[in-house]
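Following: one structure in structure tokens, then a few remarks.
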Amino acid sequence: MPRRNRQQRPKGLRADTSHRGAGTAYGASRVEQGPDGDWMVRTVPAAQATKVYRCPGCDHEIQTGIAHVVAWPEAELGGVDERRHWHTGCWKARSRRGPTRRWS
């Protein structure tokens, strides 16, 4: 019979996850300052990326299951109309190349 190396927990008990922050499941918001102003930025982990979006930095689709960032102007305090989903690399390179014509 194979040996079990895993710790056996009584049924109905789960591991303690109280040490995790409230924003870690969906990514915590932070303020980033740049030459184009202050932005609220939230990281979207791959497991939470369940829709397809179009990145304003490269005009390519962000497929489901791809980690990315959501950014919106801080002054707007997260208005739905102002939020944009960016590839992480495109967001980091936005000072070198701006949004594509579609988003300008």
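Values for this structure:
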read-out: Top-ranked residue of segment 77-104 - restricted to ones that are in a loop (DSSP other than H, G, I, E, B) and at pLDDT 85 or above, ranked as most open to solvent (accessible area, probe 1.4 Å); value: ARG83
read-out: Residues located in segment 25-46, provided they are open to solvent by 50 Å² or more (accessible area, probe 1.4 Å) and either closer than 15 Å to HIS87 by Cα or among the β-branched types (Val, Ile, Thr) (or both); value: VAL31, ARG42, THR43
read-out: ARG20, sole failed condition from (1) over 19 Å from ALA93 (Cβ atoms); (2) at pLDDT 90 or above; value: (2)
read-out: Qualifying residue in segment 52-68 (condition: outside any strand (DSSP E or B), modelled with pLDDT of 85 or more and either open to solvent by 90 Å² or more (accessible area, probe 1.4 Å) or in contact with an Asp or Glu (Cβ under 7 Å, 6 or more places away or on another chain) (or both)); value: yes
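The values are calculated or read from the model by the stated rules, or taken from the named source; none is laboratory data. Fair warning: this is a prediction, and the values are worked out from it, not measured in the lab. Please note: Cβ atoms are built from the backbone with ideal geometry, for glycine as well, and neighbour counts cover all protein chains shown. When the accessible area is computed, the model is the full protein with side chains, heavy atoms only, and any ligands, DNA or RNA have been set aside. Shrake-Rupley method; radii C 1.70, N 1.55, O 1.52, S 1.80 Å.
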